[in-house]
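The values are calculated or read from the model by the stated rules, or taken from the named source; none is laboratory data. Fair warning: this is a prediction, and the values are worked out from it, not measured in the lab. Positions of Cβ are generated from backbone atoms using ideal geometry, with glycine treated the same way; all protein chains shown enter the neighbour counts. Calculation scope for accessible area: heavy atoms of the full protein, side chains included, ligands and nucleic acids excluded. Shrake-Rupley method; radii C 1.70, N 1.55, O 1.52, S 1.80 Å.
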Amino acid sequence: MRAQGSRIIHVAGYDPEDERRRESLFSLGNGILLVRSAMPWSRADTYHYPGMYAAGCYNPLASQIQGQTVWNESIVNLPNGLALALRFEGEAWFTLEQMEILHYEQTLELQQGIMRRQMRVRHGAGRLTEIEEERFVSMAVPNVVGLRLSVTPQNWSGLVEFRSEIDGSVENSSVEKHADYARKHLHVTSRKSEGDELTLRAETVHSHFQIVVRTRELASFPIENSVVSEREEAIERTYSAETPAMQPMVIDKLMAVFIEQLDEPHLQERAKCALDSASNYETAREQHGAAWTKLWDRMRFAAQHERLEQAQHLTLFHLLQNYSPRTLGRDAGLPARGWQEIYRGQVFWDEMFAVPVLSIRFPELAREILVYRYNRLDAARENARKNGLSGALYPWRSARTGREDTPKFQKNPENGHWREDHTERQVHINACIAWDIFHYVWATGDLEFFHGQGMEMLVEICRMWASLVVHDAQDDRFDICGIVGPDEFHTRYPNQDRLGVDNNAYTNVMAAWVLARVADALDAAPCAAVADLAVTEEERSRWHRISRRLRVHITPDGLICQFKGVQHLPALDPESLGEGSADWQLEARGKDINDYQLFKQADFAMLLYLLSPEELLSMFERLGYSVDPGQLHRSVEYYHKLTSHGSSLSQVSYAAALCPFDQQLSVSLWCEALAPDLDPKHAKGAAEGLHLGAMAASMDVLQRHYLGLSVRADCLLLEPAGVLTMLQPVELGFCYQGGRFTVCWDGGVLQIQAASSNQKRTVVRLRGAATFIEPGGEVTLSVGGCNNQPSRQACGST
């Protein structure tokens with residue numbers, strides 16, 4: 001296996017057109033704060049976007065759109081406390097775009113959570129200067145950020161000026177399509193200077209989060225002409241020094257950021273204490289590195305193929321940057337693209353892709369994701385009532401309050417036209433939350449959570465499904481009408497005013513799965529555990545019945561319809577349209593995506609992402625349909641050919657769905673989906689935030705679909721896929737119900753090893769045959785027909 005090389009992300013050469021992607025890719029966080037890696041002297045412009053965000057710090061703003069007042073809740077861009085500008089010998093303030101760049105490189109050290117830049121520039125009258133930057137967001141002292149800037153004049157001596165600032169005038173302006181919306185979230189309430197420290201306090205204008213940013217600087221050289229000045233929304237210190245050639249000038253800047261929603265009078269003192277605790281830059285960096293080392297010990301992963309190893313290390317790294325043990329108790333969900341402004345930093349269904357990854361590495365984080373949902377159960381109940389339903393209807397997009405936060409309008413970037421957004425009708429997210437609950441409990445054995453918060457959510461979700469369905473007495477079937485599936489392109493039928501489509505296969509099958517699972521779990525649960533839920537026998541009976549009679553449309557030739565009537569729409573080749581989202585492309589041509597068979601992303605195929613073919617066939621059998629594996633394959637292939645892959649989740653979802661049927665295509669799609677943000681061709685999308693859900697999904701596909709490693713309440717499952725023979729050796733560590741394990745694929749044999757510290761033996765089901773693995777023991781499984789020679793077709797060459 002490879003060593004530390006795969007834990008370093010490196011780019012050489014400066015490319016302003018790619019800079020915003022790099023700012024996202026090299027962003028640093030600790031589960032509380034997330035800081036984009038913009039150059040410290042940069043301000044928001046075409047090429048740069050300094051941004052800092054705190055988990056769960058949202059603020060709603062009102063905007064006038066299409067003559068209506070609309071409210072949108074967004075993650076807040078916090079005051080920029082890392083601003084540090086410089087200039088030489090009276091030149092203009094330094095910007096890289098105005099320099100002759102002789103050398104530039106940037107690295108992200110995943111092992112230590114440190115970003116570094118090195119550059120050598122020519123400026124002025126032939127002056128040569130070397131600049132180095134290093135930064136971290138402390139995983140040890142969670143409110144502290146460190147920045148070190150080193151400036152070395154190489155062939156000149158003279159005056160260097162610095163301007164250090166906390167800028168509270170920042171706005172949310174990262175996302176181009178949000179330009180028409182209000183974006184001023186902060187009101188600066190005070191500024192203060194004490195010795196070598198600057199402090200700025202601000203408040204979000206409607207959610208009333210109190211924010212304190214405090215900085216401390218230490219220079220390696222004597223400071224001259226130090227002057228502090230205040231602007232209405234900023235405070236800055238300027239100073240200068242004469243320096244000889246070849247003498248590095250080092251500035252260490254530590255920043256403490258504290259946020260509370262209640263009026264907290266001692267935030268400034270807490271920020272000062274945090275800086276005191278960090279002591280100095282070197283100490284803070286050492287503590288931070290030690291904290292990351294402990295995290296890596298819990299998520300060991302190695303692969304012989306360097307690209308695969310690097311992609312999965314990057315996945316695990318960025319998951320922990322956005323959702324770490326530091327997030328515990330913060331009441332924050334897992335946002336779709338991480339804590340950045342894309343999608344307003346809101347929470348969708350992407351946690352479904354992360355829970356299988358986290359629950360066997362950091363089960364406490366998987367639990368925290370579910371606690372976020374539980375804390376918004378009352379809001380989900382209210383949302384159900386507003387829609388005339390019982391139980392709890394979780395919103396498609398969630399932020400601070402748990403209300404539905406899907407924007408009312410979306411603007412077409414092709415022609416500037418606004419249209420109403422109806423994607424909030426994606427009720428399938430409720431099945432995702434239920435799936436997460438079961439998966440977490442299977443992985444951990446946490447029955448206390450399951451019989452308490454978990455079961456309460458599950459029961460309320462089932463009550464929602466039971467009130468949403470409509471019974472058709474003619475054939476004794478239940479229908480779910482007027483909803484939107486994961487596809488998202490189809491929000492109504494052609495030439496109809498009624499919103500939504502009927503009997504989306506993914507939604508209906510997963511609703512049946514949840515109803516059946518919960519009804520069975522209630523039957524098996526201790527009476528005391530479910531007494532307060534007041535589930536009647538009539539309810540349980542109805543849930544069982546609905547889970548057997550929900551309708552799925554299947555054509556005479558065996559196509560499983562993604563939704564009712566989909567087969568009657570004219571098919572449209574995704575390649576026939578230009579770049580950009582297919583729905584916007586068609587609308588700019590005066591057409592409607594609802595009129596065609598053209599899909600944004602995996603929809604029906606998502607069933608095979610969550611469920612094995614055997615589980616899915618069993619669900620169809622439960623529903624009274626005779627479906628064979630060939631139909632599953634043909635249906636997935638049918639929709640794959642008509643999918644534009646307008647979401648980063650699409651290809652990796654199809655990779656999972658096609659794994660049992662077309663191994664070559666599955667691996668090809670999976671490799672294309674690995675770490676999309678590493679590819680400059682995705683610069684525009686990655687510039688606004690990382691594809692966190694897709695990154696987690698790539699790891700999930702490897703462990704659940706390729707290695708065949710799944711958790712159940714009573715055992716570990718090991719059902720390796722034939723595609724495994726196309727992969728080079730991999731190894732990953734994981735936990736299951738309190739035990740530690742390692743799974744290894746060496747190219748011919750799949751092996752699970754149990755840690756000697758495990759307290760009990762564990763049941764492992766190998767391709768259906770049960771065996772035991774004792775503490776310190778191992779079990780192996782030969783994968784037939786394997787090629788022991790490493791294959792370079794999987795993920796391409798390094």
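Rounded to the nearest whole Å², what accessible area per residue is found for region 249-374 with the 1.4 Å probe? Could you put the intermediate results ahead of the total?
On the way: 3670 Å² over 126 residues.
Per residue, region 249-374 has an accessible area of 29 Å².
Ordered by packing density, taken as the mean number of other Cβ atoms within 10 Å over each peptide's residues, highest first, how do 159-172, 696-709, 278-291, 521-534 rank? Could the numbers behind the result be given before it?
Working: 159-172: 20.7, 696-709: 24.7, 278-291: 17.6, 521-534: 12.4.
Per-residue mean Cβ counts within 10 Å order the peptides as 696-709, 159-172, 278-291, 521-534.
Given charges of +1 on the Cβ of Lys and Arg and -1 on the Cβ of Asp and Glu, with all other atoms neutral, how large is the dipole of region 260-346 about its Cα centre, in debye to the nearest 20?
Working: 11 positive and 12 negative charges, 74 e Å.
That gives region 260-346 a dipole magnitude of about 360 debye.
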Response to the item:
Dividing the surface of the Cα convex hull of region 556-705 by four yields a projected area in nm² of 9.7
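Suppose only helical runs count, i.e. DSSP H with n ≥ 4. What mean residue ellipticity at 222 nm does that imply for the chain under -39500 (n - 2.57) per run, divided by all residues and rounded to the nearest 500 deg cm²/dmol?
Working: 20 runs with 221 residues, N = 798.
Dividing the helical sum by the residues of the chain leaves -8500 deg cm²/dmol.
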Response to the item:
Among beta bridges assigned by DSSP with both residues in the chain, the antiparallel ones amount in percent, to the nearest 5, to 95
Worksheet item: In nm², what is the average projected area of the convex hull enclosing the Cα atoms of region 519-588?
Response: 9.4
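About the Cα centre, and with charges only on the beta carbon of Lys, Arg (+1) and Asp, Glu (-1), how big is the dipole of the chain? Nearest 20 debye, please. Show your work: numbers first, answer last.
Details: 80 positive and 104 negative charges, 174 e Å.
With Lys and Arg at +1 and Asp and Glu at -1, about 840 debye.
Only sites in a loop by DSSP and with at most 15 other Cβ atoms within 10 Å count here; which GluC sites (Glu not before Pro) in region 217-281 make the cut?
Working: sites: GLU217, GLU224, GLU230, GLU232, GLU233, GLU236, GLU242, GLU260, GLU269; in loops: GLU232, GLU233.
Those satisfying the criteria are GLU232.
From the cross-link list LYS192/LYS294; LYS564/LYS681; LYS411/LYS564; LYS386/LYS641; LYS294/LYS684, which pairs have alpha carbons spaced over 31 Å apart?
Numbers: LYS192/LYS294 37 Å; LYS564/LYS681 37 Å; LYS411/LYS564 29 Å; LYS386/LYS641 38 Å; LYS294/LYS684 34 Å.
Check vs 31 Å cut-off fails for LYS192/LYS294; LYS564/LYS681; LYS386/LYS641; LYS294/LYS684.
Provide Rg over Rh for region 375-443; use the alpha carbon set for both Rg and the Kirkwood Rh (inverse mean inverse pair distance).
Details: Rg = 14.8 Å, Rh = 13.6 Å.
Value, to two decimals: 1.09.
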Item to complete: Between HIS206 and HIS417, with labels modelled 7 Å along Cα→Cβ, what's the label distance in nm to one decimal, could you check?
Response: 2.9
Practice prompt. Quick one: compute the contact order of the chain, relative version, from alpha carbon pairs under 8 angstrom and 6+ residues apart, as a percent.
Written response: 11
Worksheet item: For GLY13, what is the net charge nearby, where nearby means another residue's Cβ is under 13 Å from its Cβ and Lys, Arg count +1, Asp, Glu -1?
Response: -2
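Sum up the charges of everything whose Cβ sits under 12 Å from the Cβ of LEU328, counting Lys and Arg as +1 and Asp and Glu as -1, but leave LEU328 out.
Numbers: positive: ARG326, ARG330, ARG367; negative: ASP331, GLU364, GLU368.
So the surrounding residues net to 0.
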Response to the item:
So the carbon and sulfur contribution to the accessible area of the chain, 1.4 Å probe, in percent, is 46
Discussion item. Can you work out the Karplus-derived ³J(HN,Hα) for every residue in region 313-325? Use 6.51 cos²θ - 1.76 cosθ + 1.60 with θ = phi - 60°, whole Hz, and x for glycine or proline.
Written reply: 4, 5, 4, 4, 4, 6, 4, 6, 6, 9, 8, 10, x
Discussion item. Rounded to whole Å, give me the distance from the Cα center of region 707-784 to that of region 89-120.
Written reply: 45
Fill in: Peptides 710-719, 457-466 ordered by average Cβ neighbours within 10 Å, highest first
457-466, 710-719
Practice prompt. Counting only heavy atoms of the protein chains, get the accessible area per residue of region 376-442 (1.4 Å probe) and round it to a whole Å² value.
Written response: 35
Worksheet item: What spacing in nm lies between the two simple spin-label points modelled at LYS408 and ASP595, each 7 Å away from Cα in the Cβ direction?
Response: 2.8
Fill in: Accessible area expressed per residue, region 495-573, with surrounding protein chains retained (probe 1.4 Å, Å²)
45
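What's the ranking of 411-423, 579-591 by average number of surrounding C-beta atoms within 10 Å, highest first?
Numbers: 411-423: 14.3, 579-591: 16.2.
Ranked by mean Cβ neighbours within 10 Å, highest first: 579-591, 411-423.
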